[in-house]
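Below is one structure, written out as structure tokens, with a few remarks after it.
The values are calculated or read from the model by the stated rules, or taken from the named source; none is laboratory data. Just so you know, these numbers come straight off a predicted model, no measurement behind them. Every residue, glycine as well, gets a Cβ built from its backbone with ideal geometry; the counts of neighbours run over all protein chains shown.
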Amino acid sequence: MARHFISRKESKNLAQLCERINIDAGSWDRVEIDEHRDEKLYFVNSKPYVYIKGDTIIPTLFLLNDMKPENFSITVDDGAVPHVMNGASVFAQGIVSMDMNILKDSMVFIRDLKNRYIAVGI
């Protein structure tokens, strides 16, 4: 299916889905969607913001760097950044600070010391 703008109803549904990962999508205007089978990619201001496959919703780094969420965030030191950006796990030694409300198997948003989001993890 071709990329197209979503309706207000679809926009409300997207906002509810985003609430599950503590992202406020209520103020997004003119959201576009590109669908393929069970995958959906939502665009805001022509930037890919949210990827959904089945029941899994994943924010993109564009969204995280634009919105700067504090909840579920982990800050890593500069030594860990290149490794995390290449897919490595985050180890305790590399963590500078973190949201203390993170639970086991929660989605986390990983950022560097300059407050740039570099990865999404579980």
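Does Lys53 satisfy being in contact with a strand residue (DSSP E or B) (Cβ under 9 Å, 6 or more places away or on another chain), of a type in the set (D, E, K, R) and either in the same structural domain as Arg116 (by TED's automatic domain parsing) or surrounded by 16 or more Cβ atoms within 10 Å (Cβ to Cβ) (or both)?
Taking the combined requirement at face value, the residue does not satisfy it.
Quick check on this structure: which one of Leu17, Leu63 is in contact (Cβ under 8 Å) with a residue 40 or more places away in the chain, surrounded by 18 or more Cβ atoms within 10 Å (Cβ to Cβ) and on the phi < 0 side of the Ramachandran plot?
On inspection, the qualifying residue turns out to be Leu63.
Return the residues of the stretch 15-35 that are under 20 Å from Ser106 (Cα atoms) and among the hydrophobic types (A, V, I, L, M, F, W, C); say none if nothing qualifies.
Scanning the stretch 15-35 gives Ala15, Leu17, Cys18, Ile21, Ile23, Ala25.
Residue-by-condition table, conditions (1) buried (at least 18 other Cβ atoms within 10 Å of the Cβ); (2) more than 27 Å from Glu35 (Cβ to Cβ); (3) free of Cβ contacts under 8 Å to residues at least 40 places away in the same chain:
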{"site": "Asp77", "(1), (2), (3)": "no, yes, yes"}
{"site": "Val81", "(1), (2), (3)": "yes, yes, yes"}
{"site": "Ile95", "(1), (2), (3)": "no, yes, yes"}
{"site": "Ile102", "(1), (2), (3)": "no, yes, yes"}
{"site": "Phe109", "(1), (2), (3)": "yes, no, no"}
